1. Which pairs in the list Lys37/Lys106; Lys64/Lys152; Lys210/Lys302; Lys124/Lys312; Lys152/Lys210; Lys64/Lys212 are over 26 Å apart, alpha-carbon to alpha-carbon?
2. Between the alpha-carbon centers of the stretch 295-325 and the stretch 107-151, tell me the distance in whole angstrom.
3. Might you report the magnitude of the Cβ-based charge dipole of the stretch 63-127 about its Cα centre, with Lys and Arg at +1 and Asp and Glu at -1, to the nearest 20 debye?
4. What is the extension gain from Phe307 to Val52, computed as 0.36 nm multiplied by their sequence separation minus the C-alpha to C-alpha distance, in nm to one decimal?
5. Report the Stokes-Einstein translational diffusion coefficient (µm² s⁻¹, integer) for the chain, Rh taken as the Kirkwood radius over Cα pairs, at 20 °C with viscosity 1.002 mPa s.
6. Taking amide H atoms as placed 1.01 Å from N in the peptide plane, list the residues 5 or more away in sequence, or in a different chain, whose amide H sits under 5 Å from that of Val108.
7. Is the shape of the stretch 1-122 rounded, prolate or oblate, going by the alpha carbon gyration tensor and its root eigenvalues a ≥ b ≥ c, with a/c under 1.5 for rounded and a/b larger than b/c for prolate?
8. Could you point to the residue in Ala21, Leu131, Ala220 farthest towards the positive end of the chain's charge dipole, with +1 and -1 charges on the Cβ of Lys/Arg and Asp/Glu respectively?
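Coordinate-derived values only; no laboratory data. This one's a predicted model, so the numbers in the text were calculated from it and none came from an experiment. Note: ideal-geometry Cβ built from the backbone for every residue, glycine included; neighbour counts use all protein chains shown.
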Amino acid sequence: MIRYIEDPEERQKIARGILEALTDWFEVEESREKYIKESADQPFWAAVEGDVPAGFLCLKETGKETMELAVMGVLKDYHRRGLGRRLFAAAKDYAAREGYLFIQVKTVRSGMYEDYDITNEFYKSLGFKELEVLEDYWDEANPCQIYVMSLKSAIGTISTRHCYRGRFSSDPVPREDLITIASAGIDAPSGCNKQTTDLVIVDDAELLGKIKGLIDPPVAQTASAMIVVLTRRINAYRDKCFAVQDYSAAIENMLLTIVELGYQSCWYEGHITDDDRICDKIAAVLGIPEEYDVVCILPVGKALDDFHAPSKRSFGERVRFNGFG
Ligand SMILES: Cc1cc2nc3c(=O)[nH]c(=O)nc-3n(C[C@H](O)[C@H](O)[C@H](O)COP(=O)(O)O)c2cc1C
C-alpha cells in the first residue's frame, strides 16, 4: 500500500530505516544523512507492506515547473514486486496535479556499477529519457546521468489521468480551453469517418445550474463548465453502427486534454443513462433534436481535493506477448 506521509519525523524515520539498509547505493554517510534530513520537508510517499515500510520516495522542487525525484529506495527483500513503480506513479500523479511540467532524476551512469545499471534500467522502464551526463557533478568514478520526463506528453498524461469526483474551484474555465478540449473530442477517429459524436459546451451559470439540478444523486455540482456528449446512431456500413466506439474515442481524447490543461473530470455515463434517464432531461433543457442521444457529461474544472488512482490489474495479468499462454 502506498501512503502519503505528512509527519516530518515519521518521514525521517522511514528514510533512515530504508537508506541505512541500502548501503550498496547509499554508502556515503554524509550524503545519506543529507537525504534523511531533507526528506522531512519534501512530498513523501511510503510503500507499506503489512506494518513495515518497505520503500519510500520523495520529491524536491528544482524549478518552478520541475520536480526532482530526490531520493527513493526499496528494501532488497521487496525488490521486483512493483513497489518502486507504484511509489513513482503516486509521485508522478502528484507532480502533474500540482502543475509541474517535468520530473528529473539523477543517478550514476550505466556501465559503471551493476547495481546502478539496474537503477538506470528501472528509470528508463518508467519512461525517463536521457537528458545529459555530467562527468564531474559528483566525482570521476560516479558520472551523473540526468534523466527527464515530461508530464505533459501523451504517454505521461495517459498514466496520470483518473476520474476525479471531488470538488472543483469556482474559477470559470476560459472559453479557449473549452474549445481546445472540444476540438480534441471531435478530432477522434470514428468508424468509416461517420463522425457520429456532437458536443454541447455548457458554461452559462444559469443553464449549468438547471442541469446540475437534474442530477440525482448529485455529482459534479461545483464544476463551472461541463461538456455534454451527444451521439447519433448512424450506421457506418450495412447494419454496423460504431456510434458507441466513436463517442468513447472522443471522450477519452477530451479527458486527456482536460488533464493536460491542468483540469480534472470524470466520465459520467452510467449515472445519467440509468432507468431514471437523467440524460433525456438534460437533452430537453438543452433543446437537443430527437435524432441525438445524450450519453455522457464531462465536468471541467480545477480540482480542490486530493484523489488517488484506483487499483488496477497489473500489466502482466492483462497483457501478453504472442498468444494468451
Ligand atoms: C462507459 C463508462 C461509464 C462510466 N460511468 C461513470 C459514472 O456514471 N459515474 C462515475 O463516477 N464514473 C463513471 N465512469 C468512470 C469509471 O468508474 C472509471 O473510469 C473507472 O473506475 C477507472 O478509474 P479511472 O478512470 O480513475 O482510471 C465510467 C467510465 C466508463 C468508461
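1. Lys152/Lys210; Lys64/Lys212
2. Each part reduced to its Cα centre gives a spacing of 29 Å.
3. With Lys and Arg at +1 and Asp and Glu at -1, about 160 debye.
4. 89.4 nm
5. Taking Rh from Cα pairs, D becomes 96 µm²/s.
6. Close amide H contacts, sequence-distant or interchain: Gln145.
7. rounded
8. The Cα lying farthest towards the positive end belongs to Ala220.
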